[in-house]
Amino acid sequence: MPTTPTPCPCGRGPDYETCCGPYHRGEREAPDAESLMRSRYCAFARRDEAYLLRTMHADHANLEEGVGAFARSLREAFAQYRYAGLRVLDRRPPGSDGLAEVLFHARVFEGKADQSFVERSYFAHDGTGWRYLAGDLIPAAALRGRVEALTLDAFARALEALR
């Protein structure tokens, strides 16, 4: 009897097994920064600690205290948050610095409390694949206007205004 496909939490593919599943299983690398970002969101939603660790850039600030400390923080996040949806708002291909950017809105809940945010993420290719290097985020509630209309440039202005 055929099984019903599980929708992919990243919102791109019709089912997890053919969308982000191959990245999580290590069958292939995400081909671009947006695909990596989507697969990382999916990994948060599916509580895939190993994939999140594997796709962190070695220079990411969260690794300064060691992989074990970061792994513990991931497990705490898995227990605390529910990941309810993702929307990619804007993207920028790698520039002369080799960094690609992706702006996204993540719907996240802590119990019934909405903890959703918009993040501008930076990704670098490490010779094997794209890796998450850093990110700036703003709680969605702090943004004025429609989150869906944000661009990378508008996000930068909003971030500056909040500082």
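Values in this text are rule-based calculations from the coordinates and carry no lab data. Here the structure is a predicted model, which is why all the values come from computation and not from measurement. Note that each Cβ is placed from the backbone with ideal geometry, even for glycine, and that neighbours are counted across all protein chains shown.
Give me the number: length gained by fully extending ALA141 to ASP15, i.e. 0.36 nm times residue separation minus the C-alpha to C-alpha distance, one decimal in nm. Each step should come with its number before you reach the end.
Details: separation 126, 0.36 × 126 = 45.36 nm, distance 3.02 nm.
Result: 42.3 nm gained on full extension.
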TODO: Just grab the label-to-label distance for THR3 and LEU63, each label 7 Å out from Cα along the Cβ direction, in nm (one decimal).
DONE: 3.2
Task: Sites matching trypsin sites (Lys or Arg not before Pro) across the stretch 90-131 that sit in DSSP coil, with at most 10 neighbouring C-beta atoms within 10 Å - done: LYS112
- [ ] Distance from a point 7 Å along Cα→Cβ of ALA134 to each backbone N in the stretch 60-99: keep the residues under 14 Å and list them by number.
- [x] 60-64, 97-99
